[in-house]
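The values are calculated or read from the model by the stated rules, or taken from the named source; none is laboratory data. Bear in mind the structure is a predicted one, so any value in this text is a computation, not a measurement. Every residue, glycine among them, receives a Cβ derived from its backbone with ideal geometry; neighbour counts consider all protein chains shown.
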Amino acid sequence: MKTRLAPITHTLLLGTLVLASASALATQPTPQQATQKKASAEKTVARQAEAAAAANAVAADMNAAAAGNDMAAADREANRAVKDARMAKHAKVAHVRHADRRKEAANAMAADLNATAAGVRMAAATREADRAAGDMLLAAEAKQGYVQTAQTAFTTPDGQQVTVRSIIPIAGKN
């Protein structure tokens, strides 16, 4: 079952993206003002991180709602398949029983497909929630004065595997 998003959800998501774009464009530093350049770079990083966190949180909520709707649809399909199986069991005429068995099989397959789709949506909702949590952490770090980079793995000349994560201080905070 395909879930349509509410118009307010589209508006909120679009507004968040517009705000992120506008804040990124509005806070471009001028080359002549070194102190303003440092301050605006810091504000830009913080605003972009906050906007990304908000947008990902909205996307995670929408995916969770869609997954819930898909789970409900899968449950309805399973109930329909059980009902059709019961009807086929009690049918008296041979051709009616045959048609009911086909309907029962089709409904069981639809229920399985809906359950699989719901599981995929739940996994997507979990990934979005994890991404939103990471973006919120990034926003908190930006407010504290540093940003962590992604992990980088490399092998030393002696064959040892090393994983490094850089912490970049934001100018003016440290």
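What to note about this one:
- Qualifying residue in segment 86-98 (condition: surrounded by 14 or more Cβ atoms within 10 Å (Cβ to Cβ), in a helix (DSSP H, G or I), modelled with pLDDT of 70 or more and basic (Lys, Arg)): no
- Test: residue in segment 144-156 that is more than 21 Å from residue 50 (Cβ to Cβ), modelled with pLDDT of 75 or more and in a loop (DSSP other than H, G, I, E, B): yes
- Being under 17 Å from the mean Cα position of the chain (by Cα) and either at pLDDT 70 or above or buried (at least 18 other Cβ atoms within 10 Å of the Cβ) (or both) is a property that residue 81 lacks.
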